[in-house]
Amino acid sequence: MASMTVIEAVRSTLDEALGRDDRVFILGEDVEAGGVFRATEGLAAKHTGRVIDSPLAESSIIGISIGAAHYGMRPVAEIQFADFIHAGFDQLCSEASRWCYRTRGDAYLPMVVRTPWGGGVHGGQHHSQSIEAYYAHMPGIKVVAPAFPADYRSLLRAAIEDPNPVLFLEHKRTYRLIRQEVEGAPAETVIGRARVTRNGPDLTIIAYGLMLHESLAAAETLSSEGIESTVVDLLTLNPIDRETILESARATGKVLIVHEDTLTGGLGGEIAAMIAEHAFEYLDAPIRRVAGPDIPPMPFHHAMEDFFMPNREKIAAAARELAAY
Amino acid sequence: MTTAGTRKKRSERTIEEYLLSEQQLEDMYYHMLLARRLNERMLALNRQGRAAFVIAGVGQEAAQVGAAMALKRGTDYLAPYYRDLGMNLVFGMTAREAMLNLLAKRDDPNSYGRQMPSHWGNTERRIVTQSSVVATQFLHAAGIGLGAQMRKDPLVVLTCCGEGSTSRGDFHEALNFAAIHRLPIIFYVQNNGYAISERNEKEMPVPNVADRARAYNMHSAMVDGMDAIAVYQTVRPAVDQARNGGGPFLIEAKCYRLWPHSSDDDDSRYRPKKELEEWTKKDPISSFRARVETDGIFPKADLDEIEERVEEEVREAAQWALMQPDPEPEDALGHVYKEL
Ligand SMILES: Cc1ncc(C[n+]2csc(CCOP(=O)(O)OP(=O)(O)O)c2C)c(N)n1
Ligand SMILES: [Mg+2]
């Protein structure tokens, strides 16, 4: 297998899953024609009857997937943009996340909800949102947000094979931006584990999705200035990999958390609390966060959008301050 | 067993006018009565301070038992709503289990004390786990129907809600999807006149829930939900049709909530006394008994014997359930995720 983009990684993994298991099917808006990002291009013709156009109704896409998973199918739902998933919030929060718990495992839901998220694409308020904090707050649902194509492949496969509901977040800015040689890529990832992507003793940067790439770029710049950072790719946002986070925080004593989601109530707060509770004695500086400002994401005009989005420069600036502390 | 031995053996032969056999008619009476007596005992336990909450199906037993009997147990799925004790009994729930559920006992097979009472679910019996959020289950039913259609599995899903719940988006999204794909689903609405305190005209601009089917190009029917036999006669052909690829059905059973919304509700704030008196005369269980007795299907002594049997079963179930273990505090943990 050659090098591939994120969208190719998603498409090839869906194709393989449909080919491997005839209980797998795709349900979503425009998926028969390939979907607006072409994640399902060519799949309807190849897997007859198992790539299904849904009506334009997000609660139904998720609610019907719940029923089908309960029955024994392996639905992979697509929500066209993460910004529109909130119409299905109730089905995820009130139903999917509690199905196994409220039956003590007598019933369970092997289902995936895939959705493109994130900004930097001139998408304005409703094609740019980071939704992960709402949904990572639901025990019972796993939330995954990879950064590299190889991880998209292994984690999407793991999500489809998982007996639990998995919200699979695909950063839409990276779909065609990020390319990777998937053969010989880092070992098969599993849901629930983060990965140390770069090692350095001076500070730890924790990020996911597009911000992981920005953090790596910032780390490169910092390295040329003599600051060596560790970069942790979170990969799974719930359940979060506490061990990897704490281990790295203890090793470097300085932590910078990066997300494009708005600051207040974002996942950074949870990660910071976790470190403060369990690794306080190891810290040499206050925990820093680089995040979107507390305004409704995200303004459309490119100048305002750039103002909103964290990037490699903002990350490097915060990291320098932290390193000097 | 009390005097069962003295009773005449029921025939399995269909009684033409009823489309039911003697045995089925007896089962119908038994299940309606069992649901009623269980609900009565549950309310008594609530008033004694031994049960935190009761939400009952009193007045809806015919609508529930008649419809559930039209399904194939072990094959068909039920996605019920909280009043559907009668349906659950037809699908195999025992009186003891109903009491375990009321008391949130450790061994309640619905949710093991994790949900409020009357939040049903039993995977083995194909009863879909249900939350408090009304109408969400209509979409789950659609998903099961879609899966069954994809697998060419000849089953039918029957899902229920009250008429107030048909105002929610999930109701409409489910009907829409099921009609587009001609899924094998009976959407069964028990119109009991009230959504807590709100009457029909506050919930919908059409006179009948069944009228809503037209917007989805879906088959529909209305039936007197106080008449178990009429309910069976309406639901059974719809089930057969859905099973044979005829597409979904919206059925509205016109019935009446004879009790307040729940053990916490005071219906005197909004319900005219006279109205309640009128509907009480149409009680689904006494009218059933009167009909089969008048038609000479069962001798009075046999019906009396069923009543005694049910009384005893309920008394025993409550006594037994009260002695059963509660969950341990730590039982709150675990099973957040399925591990295979
Ligand atoms: C989504 C949602 N909103 C509000 C409630 C609170 N609630 C519980 S039952 C009920 C009325 C339901 O009326 P109807 O659908 O007619 O069913 P009935 O109780 O009459 O059988 C309400 C408002 C709820 N459970 N779910
Ligand atoms: Mg009602």
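A few notes on this one:
- Of all beta bridges that DSSP places with both ends in region A:173-325, some 20 percent have antiparallel geometry.
- Taken over chain A, the percentage of Cα pairs per 20 Å bin, counting from 0 up to the bin with the maximum distance, is 33, 57, 9.
- Placing a label point 7 Å from the Cα of A:Phe307 along the Cα-to-Cβ direction, the residues of region A:123-138 whose backbone N falls under 20 Å of that point are A:123-130.
- Viscosity 1.002 mPa s, temperature 20 °C, Stokes-Einstein D of region A:38-141 from Kirkwood C-alpha radius, µm²/s: 145 µm²/s
- On a per residue basis, region A:246-325 carries 50 Å² of accessible surface, using protein heavy atoms and a 1.4 Å probe.
- Ranked by how many other beta carbons lie within 10 Å on average, peptides B:200-206, A:159-165 from highest: A:159-165, B:200-206
- For A:Leu237, nonlocal amide neighbours, meaning residues 5 or more places apart or on other chains whose placed amide H falls under 5 Å from its own, are A:Val143, A:Val144, A:Ala145.
- Values of log10 I(q)/I(0) for region A:270-325 across q = 0.13 Å⁻¹ run -0.46, by the Debye formula with one identical scatterer at each alpha carbon and no solvent.
- Theoretical ellipticity at 222 nm over chain B - DSSP helices of four or more residues, -39500 (n - 2.57) apiece, nearest 500: -12500 deg cm²/dmol
- Potential lengthening between A:Lys46 and A:Ala317 on full extension [0.36 nm per residue; Cα-Cα distance subtracted]: 92.6 nm
- For chain B, share of DSSP beta bridges that run antiparallel, in % to the nearest 5: 20 percent
- Each peptide in B:292-303, A:282-293 gets a packing score, the mean of other Cβ atoms within 10 Å over its residues, and the list from highest to lowest is A:282-293, B:292-303.
- Working from the Cα coordinates of region B:208-340, the gyration tensor eigenvalues give, after taking √(5λ), semi-axes of 32, 29, 22 Å in decreasing order.
- Where B meets A: accessible area buried, both sides, 1.4 Å probe, Å²: 3600 Å²
- If you run the Gaussian network model on chain B, springs between alpha carbon atoms under 10 Å, then out of B:Glu26, B:Glu308, B:Glu97 the most flexible one is B:Glu308.
- The simple spin-label model puts a point 7 Å past each Cα toward its Cβ; for B:Gln319 and A:Thr221 those points are separated by 8.0 nm.
- Label-point gap, in nm, between B:Glu311 and A:Gln125 - each point 7 angstrom along Cα→Cβ: 6.6 nm
- Values of log10 I(q)/I(0), in the order q = 0.18 Å⁻¹, for region A:172-249 under a Debye, Cα-only, solvent-free model: -0.80
- Neighbour cut-off at most 15 other Cβ (10 Å), DSSP loop, chymotrypsin sites (Phe, Trp or Tyr not before Pro), region B:260-340: B:Tyr270
- Per-selection Kirkwood Rh - region A:2-182 (Cα, Å, 1 d.p.): 16.0 Å
- Annotation for B:Ser287 and B:Ile15: the two label points, set 7 Å from Cα along the Cα-Cβ direction, are 1.7 nm apart.
- Residues of region B:121-135 whose accessible area (probe 1.4 Å, heavy atoms of protein chains only) drops by at least 30 Å² once all protein chains are present, relative to their chain alone: B:Thr123, B:Thr129, B:Ser131, B:Val133.
- Accessible area of region A:2-182 divided out per residue, in Å², using a probe of 1.4 angstrom: 30 Å²
- Region A:195-324 shape via C-alpha gyration tensor axes, a/c threshold 1.5: oblate
- Cβ neighbours within 10 Å from other chains - mean over B:148-160: 2
- Among beta bridges identified by DSSP and lying wholly in chain A, the antiparallel ones come to about 20 percent.
- Amide proton proximity set for A:Val51, modelled H, under 5 Å, gap of 5+: A:Ile26
- Count Lys and Arg as plus one, Asp and Glu as minus one, and take only other residues whose Cβ is under 12 Å from that of A:Phe81; the net charge is then -4.
- In chain A, the calculated helix contribution to ellipticity at 222 nm averages -10000 deg cm²/dmol per residue, counting -39,500 (n - 2.57) for every DSSP H run with n ≥ 4.
- As a ratio to 2.2 N^0.38 Å, the alpha-carbon radius of gyration computed for chain B takes the value 0.97.
- The Rg/Rh ratio of the protein assembly as shown, with both radii computed over alpha carbons and Rh defined as the Kirkwood radius, is 1.05.
- Global form of region A:135-278, assessed from the alpha-carbon gyration tensor, a/c cut-off 1.5: oblate
The values are calculated or read from the model by the stated rules, or taken from the named source; none is laboratory data. Note that the coordinates shown come from a computational prediction; the quantities given were computed from them, not determined experimentally. Ideal geometry is used to build each Cβ from the backbone, glycine not excepted, and the neighbour counts take in all protein chains shown. The area values use the complete protein model at the heavy-atom level, side chains included, leaving out ligands, DNA and RNA. Shrake-Rupley method; radii C 1.70, N 1.55, O 1.52, S 1.80 Å.
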